[in-house]
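Structure record follows, encoded as C-alpha cells.
The values are calculated or read from the model by the stated rules, or taken from the named source; none is laboratory data. Because the structure is a prediction, the values reported are computed rather than measured. Every residue, glycine as well, gets a Cβ built from its backbone with ideal geometry; the counts of neighbours run over all protein chains shown. SASA here: full protein model, heavy atoms, side chains in, ligands and nucleic acids out. Shrake-Rupley method; radii C 1.70, N 1.55, O 1.52, S 1.80 Å.
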Amino acid sequence: MPATATGGARAEEAAAAAAAAPSGSSSAPSSCMGTRPEELAARLAAGGPGVVAAGEGLEGEQERVLALREIKNQIIGNRTKKLLYLRLGAVPAVVAALAEPAASPAALVQAAAAAGSFACGVDDGARAVLAAGAVGHLTRLLAHPDDKVVDACARALRMIYQSKQAPNFDVNNEKNMDFLLSLLDSNNENVTELAANIISHSCDSNTEQLALCGAGVPQKLVSLFGGSVNLRDACLDSMTAIVRNNWEVASRFASMDHGKSFRSIVGLIHDRTPRTRLLACLCLIAIGHASPCHFPDRQIKTKLILVLLELIEEPGHVGDEAPLALTTLIKDSVELQKQAFSTNAVAKLSNHLVANSLETRRAVTILLALAELCSKEEESRSQLMSGQVSTLILDALKHDCADIRIAACSCLKNISRSSKVLSAGRLSCDTIVAPLVQLLCDSSTSVQVAALGAICNIAVNLTPRKSVLLHSGVVSQLVNLSKSMDPTLRLKSVLALRNSMFLLNPKDKDFIMKELTISTLSSLICDSEHFVQEQTLALVHNLLDGYVDAVNYVIGEDGMVINALSRQLNNASTPGVCIQGMLVLTNMAAGDELSKEAVMDVIVPHRSDRIKPSFVVNFLQSKDKQLRVASLWCILNLAYPKSDASSTRVARLQNAGVISQVKSMRNDPCLDCKLRVSTVLDHC
C-alpha cells in the first residue's frame, strides 16, 4: 500500500488489507461500478440489510462485496478519505453488512476490514464504528465457521481496542472473564492476539490486575511466548499492563514456577527482534518498579541499560521509545543513574542527538533521558555540558515543536541543579536565561510550566550572580504569570519568585517587591489553591530573612499582608500553609518591639475586652512536628530577651492558654520540640 498525501497505512491496516484481498479472479472487476466515494456510499446504503434475502441474489451480494472492498482500499492509510466517508455516513452501512444473517463470507471479510480501518488512527472513526454496534457483531462472528471471517473480525477488533475510544472490557464480570480465557485458549493466533490486546486496553485498576492474575492469565500469556512474533509481543505488552504498579501481582509473577516465567522474559531481552527486546525491557522495568525486592539482580539492570542503549539505534517506533524506557528505568534512582553513566549512556545519547535531526520524536525522548541522567549525578551534568549537545539544547529551546522545547527545558532544569555547571562551560547562566524568559510567553502552557521549572532551579543555584536573572525581565513575567487563571502556572511562578528571593540582598528584594506589589502578594496568600498559599508565605519568609526593614512590607499599607496571613492561620487550612505562616511570624518576632507586637496581635488579638482563644494552642497540639516546632520558635522569640515588654507578652500568652499548653509538652516525642519547650519555659 503506497503512502498517501495524508500518510501511509499503519501496520495493522496493511495486514488487514492483505488478508482481505481476493484470492481468485472469479469476482466481477471493480471497474464495473463507480469508485467515487459518494457513489460507493450511496450504493452500500441502498443495498442495506436483507439484500440477498430479498431476492437480489448473487449479483446484489457481489456488488456489495465490491463496494465494501473499494471503500476499504480507499480508506486504508488515508485519513482524508476516512473523514470523507464518515461525513457520507458510510460506517453504519459497513457495520450493517456484519449484522446481515445471509451475508457471504467475502462480504463479512471486507466489512470487518473496513470497520477496523475506520477505527484505526482516527478518533471520530472509532466513535462511529462503536456507535454502529460493530464490537458486538465482530465478537459474535469470532465463532463463524469460516477461518477467514474469524481472522478478519479478530484483526478488526484489535484495531478497535487499540483506540482510546474503545470501552474497557470488564474482566471482573465472570462471563467476560470466561470469554477472555476462551480467546486465550484458541488455536487461532489472531484470536489469542486479540485477547492480549483486550487485556492491554482494559487492565487499568488493581482489582482488574488481581482478577486476571487469579484466573491464571499470566501463565497463559507466558505459554504463548512460543508463538509468532506478533503474538509474543502482544503477550509481553499484556504482561506489562497486568503487573504495572501492583506489588502483589508482580511479586506473584516473579516467584511463579520458581522464577521460570520471570527468567523467560529476561531471556527475551536478547531476542533477535528489536520490538520484542524493547517490550521485554518494558515488562521487566514494570516488574522492578512494582516489586523491587523481587528484582535485586544488578546484572540484569545493567543488561537492561545496555540493551536500551543499543535499541536507540533502531529505526522507527522502537528507536523512538527506547530512550523513554531508559528514562523510566533510571528515574529517581541514584544507583541506576550511576550505572547508566558507567556504561557511557550520556555520551551515546549525546552523540546520537548531535548526529541526527531535532525534527524527530527520538530527539524528544533522548532529551528526556538526558534530563533524567542529569537529575542527580554531577558527573553526568559535567559530561553533557562539555560536548556539542549543549549548543543543541539551546537550539531546542527555540524549536517549532512544543515537545522539543519542553524536553530541552527539562534538561536545563536538571543541569541547573549544579551551580558549578551554571558558572562555567558552554551553557552559562548568561546564555540560557534569555531564551527561558522568552518561553514564559509561549503559546503552550506546558512549555511555560517547563520553563518555570528550569528558572526555579537557576534562581536558587545562582546566589552570587542573581542580578543576571533579575534584570533579564524575568521578574515582571513571573508576576504576570502569578495572576494566571491556570493554578499550575501560578504555583510555578510563585516558586520561582520564592527562589529568586532566597539569600538576596536588600536592594534586589526591593526590586522584586516593586514589581510584585503588596496588593498582589496579599492576594496570593489568599489564593484558592493551598499550594500557592504555602509557597507565597515561603516567599514572604525569604523576603524577611536577613532584611530587617522588610517587615514594613508585611505590616505596611494598612497591614494588607499580615491581615491576609492572620486569616489563613485562623482558618488553619493545611499543615504546609500553617507551618510557613508560623515561620513568617517567627522571623517577625525576632525583630524590634513593633514587629513583636504585630505578631502578638495576630496570635492573641484583643476583642471587646476579652482575649480570643489562640490558634497557636491548636498548632502546639498538632500531630505535625514541624508545625509544633515552628510555633515554639515563635513563642520563644516573643519571650526573648526578658524585659517589661516581654513579660507583658508572656502574660497575654498565659491568659490565652498558650503557656499552659507549652508546659504540657515537656515529654513531647519530638526531641527538637522538647528542647524548644525547655528554652521557652526558661524565659517565662
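Restricting to segment 353-382, count the residues that are touching a Phe, Trp or Tyr at 6+ places or on another chain (Cβ under 8 Å) and either hydrophobic (A, V, I, L, M, F, W, C) or in a helix (DSSP H, G or I) (or both).
Selection size over segment 353-382: 3.
Of all residues in segment 367-381, count the ones that are open to solvent by 40 Å² or more (accessible area, probe 1.4 Å), within 14 Å of K338 (Cα to Cα) and in contact (Cβ under 8 Å) with a residue 40 or more places away in the chain. Before the answer, list the steps.
Applying the first criterion (open to solvent by 40 Å² or more (accessible area, probe 1.4 Å)) to segment 367-381 yields 368, 376, 378-379.
Checking the rest, the ones that are also within 14 Å of K338 (Cα to Cα) come to 376, 378-379.
If we keep only those that are in contact (Cβ under 8 Å) with a residue 40 or more places away in the chain too, we end up with 376, 378.
So the count comes out to 2.
Show the residue pairs that are 6+ apart or on different chains and have beta-carbon atoms under 8 Å apart, the first residue being within segment 68-95 and closer than 14 Å to L108 by Cα and among the basic types (K, R), the second being at pLDDT 95 or above and assigned to a helix (DSSP H, G or I).
Pairs that qualify, where the first residue is closer than 14 Å to L108 by Cα and among the basic types (K, R) and the partner is at pLDDT 95 or above and assigned to a helix (DSSP H, G or I), are R69/Q110; K72/Q110; K72/A113; K72/A114; K72/S117.
Taking K642 as meeting all but one of (1) in a helix (DSSP H, G or I); (2) at pLDDT below 95, write down the number of the exception.
(1) is the only condition that K642 fails.
Here are some residues: L412, L462, L491. Which one is under 26 Å from A564 (Cβ atoms) and without any contact (Cβ under 8 Å) to a residue 60 or more places away in the chain?
Testing whether each residue is under 26 Å from A564 (Cβ atoms) and without any contact (Cβ under 8 Å) to a residue 60 or more places away in the chain leaves just L491.
Please find, among A131, A143, the residue that is closer than 25 Å to L181 by Cα and open to solvent by 50 Å² or more (accessible area, probe 1.4 Å).
Of the residues listed, the single one that is closer than 25 Å to L181 by Cα and open to solvent by 50 Å² or more (accessible area, probe 1.4 Å) is A143.
For segment 249-263, what are the residues that are open to solvent by less than 30 Å² (accessible area, probe 1.4 Å) and in contact (Cβ under 8 Å) with a residue 12 or more places away in the chain?
The answer is V249, A250, S251, F253, A254, M256, S261, F262.
Give me the residue from segment 308-328 that is open to solvent by 10 Å² or more (accessible area, probe 1.4 Å) and touching a His at 6+ places or on another chain (Cβ under 9 Å) and, out of that set, farthest from G387 (Cα to Cα).
T328
Kindly list, by first and then second residue, each pair from a residue in segment 345-366 that is without any contact (Cβ under 8 Å) to a residue 60 or more places away in the chain to a residue that is among the hydroxyl-bearing types (S, T, Y), limited to pairs with Cβ atoms under 6 Å and residues at least 6 apart or on different chains.
V346/S380
Within the bounds of segment 637-652, is there any residue that is under 48 Å from the mean Cα position of the chain (by Cα) and open to solvent by 20 Å² or more (accessible area, probe 1.4 Å)?
Among the residues of segment 637-652, at least one is under 48 Å from the mean Cα position of the chain (by Cα) and open to solvent by 20 Å² or more (accessible area, probe 1.4 Å), which makes the answer yes.
Could you tell me whether any residue of segment 264-280 is touching a Lys or Arg at 6+ places or on another chain (Cβ under 7 Å), open to solvent by less than 40 Å² (accessible area, probe 1.4 Å) and not in a helix (DSSP H, G or I)?
yes
Search segment 542-586 for residues being in contact with a His (Cβ under 8 Å, 6 or more places away or on another chain) and within 16 Å of F502 (Cα to Cα), and hand back the single one that is surrounded by the most Cβ atoms within 10 Å (Cβ to Cβ). Before the answer, list the steps.
Of all residues in segment 542-586, those in contact with a His (Cβ under 8 Å, 6 or more places away or on another chain) come to 573-574, 576-577, 580, 583-584.
Filter once more, keeping what is within 16 Å of F502 (Cα to Cα): 580, 583-584.
On the way: Q580: 25, L583: 23, V584: 28.
Among those residues, the one meeting the criterion is V584.
Find all pairs meeting these conditions: Cβ atoms under 7 angstrom apart; at least six residues apart or on different chains; first residue within segment 111-126 and within 18 Å of P167 (Cα to Cα) and open to solvent by 10 Å² or more (accessible area, probe 1.4 Å); second residue of a type in the set (K, R) and part of a helix (DSSP H, G or I).
Pairs that qualify, where the first residue is within 18 Å of P167 (Cα to Cα) and open to solvent by 10 Å² or more (accessible area, probe 1.4 Å) and the partner is of a type in the set (K, R) and part of a helix (DSSP H, G or I), are G121/R79.
How many residues are under 28 Å from M159 (Cβ atoms) and among the polar types (S, T, N, Q) when one looks only at segment 231-290?
The qualifying residues number 6.
Is it the case that some residue within segment 339-348 is closer than 30 Å to R252 by Cα and open to solvent by less than 40 Å² (accessible area, probe 1.4 Å)?
For segment 339-348, residues closer than 30 Å to R252 by Cα and open to solvent by less than 40 Å² (accessible area, probe 1.4 Å): present.
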